[in-house]
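What follows is one structure encoded as structure tokens, with my remarks underneath.
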Amino acid sequence: MSGRISWGKGSAMALLVATLPLTMLLLSAQESGKCESKQEGAIQATSEDPKGGGQEAAKETGNISGVVQYALVKKYPAVVFIEEMPGRTFAPPEKHSIMDQLGKVFVPRALPVVVGTTVDFLNSDELEHNVFSPDNEKYDLGNWGKGEKRVYTFNRPGAYTQLCSLHPEMIAYVVACKTPYFAVADAEGKFTIKDVPVGSWKLKVWHERLKPKQLEKTFDVTVELNKEAKCTIEP
């Protein structure tokens, strides 16, 4: 008696159909992640607007903290942000954000802002600098010397590469977000987003070395009143 198994057309088709749901599930799992919703400790609520946007602060909030598990956060900063909050709009802050040029380096290298924010580009060097971006609507702010500044308002969401035409080794990024709930991870990948409205949200991560598919990945997190939700980001 032979140990060889003969597969008929009907059997092969049945096996294919049976394995399709599992295959689709595995592919879907690669596109998004779910943060472990541990709730630790009570957080003192605040009635002030933590984002400085002029809108009334949410009265029911919690925090999100966690870590970005990506080796290159030790070298370049990562930005973690809530992708959007349907039905909510956020006024930009009256106070401008700042990106300086010092020692032929942009400071900071990654600057997250809420859409509509105006950024002051400074020059603290003795030599002239320039700022331009090839991304989105594109712009060139020209050249200027020490102590002067140029300004630009970021009215569209997305990451804008900042370059200096006079010093091609210089590079930085402004990340314009749809919500004011974001944080820059430290060199260990740790981050905290404070005073987040209670609810279920989707986090994203931006890093200059991530591929487009990784940048689209989302991480589900649920924020509870006066508590801290823990989240591990694995791009």
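Of the trypsin sites (Lys or Arg not before Pro) in region 142-181, the ones in a loop by DSSP (not H, G, I, E or B) with at most 14 other beta carbons within 10 Å are Lys146. Segment Asn155..Glu137, full-extension length gain: 5.5 nm, with 0.36 nm per residue of separation and the alpha-carbon distance subtracted. Specify whether the C-alpha gyration tensor of region 91-177 places it in the rounded, prolate or oblate class, a ≥ b ≥ c being the square roots of the eigenvalues: rounded for a/c under 1.5, otherwise prolate if a/b is larger than b/c and oblate if not. Verdict is prolate for region 91-177.
Among Ala176, Pro108, Leu127, whose Cα sits farthest toward the positive end of the charge dipole of region 91-177 (+1 at Cβ of Lys/Arg, -1 at Cβ of Asp/Glu, about the Cα centre)? Going by the Cα projections, it comes out as Ala176. Given +1 at the Cβ of Lys and Arg, -1 at the Cβ of Asp and Glu and no other charges, the dipole of region 91-177 around its Cα centre is 200 debye to the nearest 20.
Bear in mind these aren't lab numbers, they're just calculated from the coordinates by the rules spelled out. Remember, it's a predicted structure, so these values are computed and weren't measured experimentally. Here the Cβ is made from the backbone with ideal geometry for all residues, glycine too, and neighbour counts use every protein chain on show.
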